[in-house]
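Below is one structure, written out as structure tokens; the observations come after it.
The values are calculated or read from the model by the stated rules, or taken from the named source; none is laboratory data. Here the structure is a predicted model, which is why all the values come from computation and not from measurement. As a convention, Cβ positions derive from the backbone with ideal geometry for all residues, glycine included, and neighbour counts pool all protein chains shown. These accessible areas exclude ligands, DNA and RNA; they are computed on the full protein's heavy atoms, side chains included. Shrake-Rupley method; radii C 1.70, N 1.55, O 1.52, S 1.80 Å.
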Amino acid sequence: MTSEGILALEDKRFAAMMARDFKALDALVHDDLVYTHSHGGGDTKASWLDAMRSGKTHYRRIVAGERTARLYGDTALVSGKVDFEVESAGQMRALKLVYLDVWAKTPQGWKFVAWQSTPRPA
Amino acid sequence: MKLEVNGASRSVEAHPDTPLLYALRNELGLTGSRFGCGSGQCGACFVLVDGKPIASCDLPLWSVEGRKITTIEGLGGRHPVQKALVAEQAAQCGYCMSGIVMAAVALLSANKNPSDSEVRQALDKNLCRCGSHNRVVRAVLRAARNE
């Protein structure tokens, strides 16, 4: 795996989130996912996917900014910027974030295992 | 995009998904509205949209096109709420105050004589890490008496 390969997986994940492609997401997301939102709330794989399935959370638009992927053996860290336009509990929100996420190599391929984001100041 | 801010038509060159706060501060130079949490939960970025206090940090521009936006600058600095906050020495660091002013102005526009509990309810979404809440409530009640 290369840094470019990890970023391609990240783009695939973002595309699946927008398309609500749960088959693709299920394959990309590790069962141990820890998803920490920019507001401090947290999700597991099940609760994060359920929020999207139910329509409580709908990622309408995701635009990735400057990002860096670093590989350390079977672990990859991605740090960068992303803009989300997300419908959350019926309210449209535009979020400008910086984030760190983690991908891990498993026998089933590389999986998205952790996300932590924080808002970028205006 | 065209926005109506403080009674004037303003043009901003930004993507429609850009949060309103970023356009106000970075495009229009209206820096009175503050960035706090970035997720609509602290009230520091409150502006009035058609008279209602709304967090601007996560409010996409496309959703406010054609609506009347009022920022703290639009109050002119001598609004009764602003004068009462000074009289009560309500602010400590002051970072949250512009959002509090906008929430209080909206309250007094709808309710000229609010009770203590109505003021507290109206300001429930405005967080102040300095703990100035009680002085703020006194100031809003003073503004209601003097308005």
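Overall dimensions of segment A:80-122, expressed as equivalent-ellipsoid semi-axes from the Cα gyration tensor (√(5λ), whole Å, largest first), are 26, 14, 7.
Over the C-alpha atoms of chain A, the Rg to Rh ratio, Rh being the Kirkwood estimate, stands at 0.94. Annotation: amide H of B:R10 within the under-5 Å range of B:L3, B:E4, B:V5, sequence separation 5 or more or interchain, hydrogens built in the peptide plane.
Shown are B:E118, B:E65, whose ranking by accessible area with a 1.4 Å probe and every protein chain present, most to least, is B:E65, B:E118. A full extension of the chain between B:A110 and B:S11 corresponds to an added length of 32.6 nm, given 0.36 nm per residue minus the alpha carbon distance. Starting from one equal scatterer on each C-alpha and no solvent at all, send me the Debye-based log10 I(q)/I(0) for the protein assembly as shown at q = 0.10, 0.15 Å⁻¹, two decimals. One equal scatterer on each Cα of the protein assembly as shown leads to -0.59, -1.04. Total lysine pairs in segment A:3-119 at Cα distances under 25 Å, for residues eight or more apart or on different chains: 23. Let me have the 222 nm mean residue ellipticity of chain B computed from DSSP H runs of 4+ only, each contributing -39500 (n - 2.57), with the sum over all residues rounded to the nearest 500. Per the formula, -9000 deg cm²/dmol.
When B:M97, A:M52, A:M18 are compared by accessible surface with a 1.4 Å probe, the order from highest to lowest is A:M18, B:M97, A:M52.
Are there residues in segment B:17-34 whose accessible area shrinks by at least 50 Å² when all protein chains are included rather than the chain by itself, and which are they (probe 1.4 Å, ligands and nucleic acids not counted)? Output list: B:D17, B:Y22. Estimated translational diffusion coefficient (Stokes-Einstein, Kirkwood radius over Cα pairs, 37 °C, 0.692 mPa s) of chain B: 216 µm² per second.
Computed from protein heavy atoms with a 1.4 Å probe, the total accessible area buried between B and A is close to 1300 Å².
At 1.4 Å probe size, with the rest of the protein present, what percent of the exposed accessible area of the protein assembly as shown is carbon and sulfur atoms? Walk me through the numbers on the way to the answer.
On the way: 6310 of 12920 Å².
Exposed carbon and sulfur together represent 49 percent of the surface.
Counting only residues at least eight positions apart within a chain, or on another chain, the aspartates and glutamates with an alpha carbon under 13 Å from that of B:K83 are B:E147. When nucleic acids and ligands are ignored and a 1.4 Å probe is applied, A:R53 ends up with an accessible area of around 120 Å². Solvent-accessible surface of the protein assembly as shown, taken per residue with a 1.4 Å probe and all protein chains present: 48 Å².
Considering only A:T106, A:A15, A:S88, the residue lying farthest towards the positive end of the dipole of segment A:3-119 is A:S88, judged by Cα position with unit charges set on Cβ. For A:S3 and A:Y72, the difference between the fully extended length at 0.36 nm per residue and the C-alpha to C-alpha distance is 23.8 nm. Here the mean projected area of the convex hull built on the C-alpha positions of segment B:1-72 is 3.9 nm².
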